[in-house]
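**Student:** This is the structure I want to talk about, given as structure tokens.
Since every read-out is calculated from the coordinates, none of them should be taken as a lab result. If you're wondering where the values come from, they're calculated on a predicted model, not measured in any experiment. Backbone-built Cβ (ideal geometry, glycine too); neighbour counts: all protein chains shown.
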């Protein structure tokens, strides 16, 4: 994961068939995933191009959302999503996400997607968050994810794991609480 001044942590994800690389900001405060569409703009030449994906499906469902820094609007699409590369990649089939058709103050550089990681009750009607789809599609060894967030290079790189937590990233024992 890339640490942007301890304010945001991003990683590459892949959307569509064939996979298109997009930089995603993993947001535990929202449930919907929003991906910048190439028809609106690109950042460093990167954005999702639904016309280049053979698995892209548009829907009539539209939404808009406001964040503290700006707003987004668009229609929901379904497409395949992948997190990671190689043998350990997590491949989510038919993930629903907001296709960003209008935005103000959100996509200023550094990332082209917001990956909603919060509870499904906070999502738009008919939208299953990415992590919940991983669980629903039985893609994880255990139904959990873990962040390791660093503030300097001496601590190593920040990390996000799905299905397990890395015991080398902390000392002591974990205390589990129901949520």
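**Student:** Given the structure, is residue 47 farther than 21 Å from residue 127 by Cα and surrounded by 17 or more Cβ atoms within 10 Å (Cβ to Cβ)?
**Tutor:** Values: farther than 21 Å from residue 127 by Cα: yes; surrounded by 17 or more Cβ atoms within 10 Å (Cβ to Cβ): yes.
Yes: the conditions hold for residue 47.
**Student:** Inside the stretch 23-142, counting only strands (runs of 3 or more DSSP E) that do not spill past its ends, which hold 2 or more residues that are closer than 23 Å to residue 158 by Cα and in contact (Cβ under 8 Å) with a residue 40 or more places away in the chain?
**Tutor:** The qualifying strands (runs of 3 or more DSSP E) are 34-36, 70-83, 90-104, 113-116.
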